[in-house]
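For reference, the structure is listed below as structure tokens.
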Amino acid sequence: MPRYRAPAGNRAVLAVPDRDRWPALVTANQSLLDSRFREERASARAEVFSLLPDRPPPTANCPLILTGHQPELFHPGVWVKNFAAAGLASQVGGVALNLIVDNDTLKSAVLRVPVWHAGDPASTHLQPVAFDRFDAETPYENRGIEDAELFRTFAQRAEPLWGNWGYEPLLPRVWAEVASHPAATIGERFTAARRCWEGKWGVRNLELPVSRLAKTGAFRRFAADIFANLDRFRGVYNAAVANYRQSHGIRSRSHPVPDLAPGEAPFWGAPDANGRRTRANSPEDIRPRALTLTLFTRLFLGDFFLHGIGGGKYDEVTDAIIRGYYAVEPPAFAVVSATLHLPVPTFPHTAADVRTLARRDRDRYWNPQLFAAGGDDLSRRKAALVAAKPAGRLERRRWYAAIRDLNERLRALVPPAESGLPRARREAAANAVLRRRDYPWALYPEDVLRPFLQSFLP
């Protein structure tokens, strides 16, 4: 399996397999899945499409392209999945469905904004700005606003931080929509704002929260089968996880996911009265975990799944579960991600400069002959010594002593020079902050973000 790595360069794209292969894989997946799960898939799709009354239902054989993510203000590299899904659906005459993973938890109520002062790389840091009070992780489907005033004033409090960026980010306009939306949960508000901008930029994917998907009869039948065969499923699941750990050299017992304990099902129960996730004890009112979400949607709902890097890694395990539990070859999926830098100023020195300067400083000490002024004779003597390294222990000891003596005499001839390395390291560290790829999309200007995302459309 490929090792997925985030693309490093600005505007670089990761697509595995190549995007020109995706349409053929959609067709191959349809043939594979319909030969084994035709009735289950038809039932699941009919039920899911009935939950989306704002769009006419697609035809029975219409290709369905899936993607999904938590309802957060994610970075552009995540958002490209929605545009790539819309583009692929258009290519194959199908529709795209984005799964809103609202059964996952909100893990932080702050956005981190880069801050720096001109000419001072040491001042560069990430400034956390809270958009709500945070007490504990809560599933998005239940996570309302805890501090209305903190939420309302978020963009206003963040605004001074981008005064020297040279542009105004989308955040003030995005937050005006988020703060004024009538939805009860933060996830719904973030989703509505994202969909608003997608609509302006030409994307109108179908959308379905996972909490609603989990209540369908199709999903409950899928879960009931696993509950009825839990020991066998647990054996296949844990073996797939163990093989993944071994092939990737992972020692942690919690990565990529923990093993299933005896009697444990791979689902969450519905959130309790405090909004906390609970253990699932039956197929009623449950939520999928990461692997069972893609297991169900890839086999019984869609024709092609577009993952980000994390999802692609998880689904190496899902593939093994499909082979072991269902005894079929898993349908192909794709991984797509991208890097888009904030268009902010950076400092002159790069990580490559740091390596060059560090190497030069080492050479000034260990190879002073390269910089010595007027030390030709000493340099020739050192070169002759280096070429004639002796074999015996006593001779080598004398040889090392002679080399040290020549180096000391050559260092005395090296003109003094400022290293530049400390400054370069500070600037490179600052640039590493300014060139992070995971800043929320709302921190970008529209004239940079929009054409980049639209490049994934036909």
Next item on the list: Give the shape of region 351-432 as rounded, prolate or oblate, defined through the alpha-carbon gyration tensor: a ≥ b ≥ c are the square roots of its eigenvalues, a/c under 1.5 means rounded, and otherwise the shape is prolate if a/b is larger than b/c and oblate if not.
Entry: prolate
Next item on the list: Tell me the label-point distance for the pair Arg232, Trp399, using the 7 Å Cα-to-Cβ offset, in nm and rounded to one decimal.
Entry: 6.9
Check: What shape does region 65-195 have by the C-alpha gyration tensor, where a ≥ b ≥ c are the square roots of the eigenvalues, rounded means a/c under 1.5, and otherwise prolate means a/b greater than b/c and oblate the rest?
Finding: oblate
Notebook entry, point to check: Stretched out fully, how many nm does the piece from Ala12 to Ala192 gain, at 0.36 nm a residue minus the Cα gap?
Noted result: 62.0 nm
Checklist line | Pairwise label distance in nanometres, Leu51 with Ala352, each label 7 Å out on the Cα-Cβ vector | finding: 4.9
Next item on the list: Give the calculated FRET efficiency between Arg276 and His181 to the nearest 0.05, with a Förster radius of 25 Å applied to their Cβ-Cβ distance.
Entry: 0.50
Check: Counting DSSP beta bridges with both partners in the chain, what percentage is antiparallel, nearest 5?
Finding: 55
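Test of the criteria: in region 143-206, which trypsin sites (Lys or Arg not before Pro) are in a DSSP loop and have at most 14 other Cβ atoms within 10 angstrom of their Cβ?
Taking region 143-206 and a limit of 14 other Cβ atoms within 10 Å, the loop trypsin sites (Lys or Arg not before Pro) found are Arg204.
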Next item on the list: Multiply the residue separation of Ala130 and Leu150 by 0.36 nm, subtract the distance between their alpha-carbon atoms, and state the gained length in nm to one decimal.
Entry: 6.5 nm
Check: Distance in nm between label sites at Asp438 and Asp120, each 7 Å beyond Cα in the beta-carbon direction?
Finding: 2.7
Check: Going by the alpha-carbon gyration tensor, a ≥ b ≥ c the square roots of its eigenvalues, is the chain rounded (a/c under 1.5) or, if a/c is not under 1.5, prolate (a/b greater than b/c) versus oblate?
Finding: prolate
Notebook entry, point to check: If one computes the Cα centroid of region 261-317 and of region 39-56, what distance in Å separates the two points?
Noted result: 20
Item checked: DSSP-loop trypsin sites (Lys or Arg not before Pro) across region 223-331, with at most 12 other Cβ within 10 angstrom -> Arg251, Arg253
Checklist line | Summed side-chain charge close to His341 - residues other than His341 whose Cβ falls under 12 Å, Lys, Arg +1, Asp, Glu -1 | finding: +3
Checklist line | In the chain, lysine pairs closer than 24 Å at Cα, eight or more apart or cross-chain | finding: 4
Note to self: Taking the Cα centroid of region 336-412 and of region 86-146, what is the distance between the two, rounded to the nearest whole Å?
What the structure shows: 46
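Bear in mind these aren't lab numbers, they're just calculated from the coordinates by the rules spelled out. Because the structure is predicted, anything quoted here is derived from the model rather than measured. When we count neighbours, we look across all protein chains shown, and the Cβ atoms used for this are built from the backbone with ideal geometry, even at glycine.
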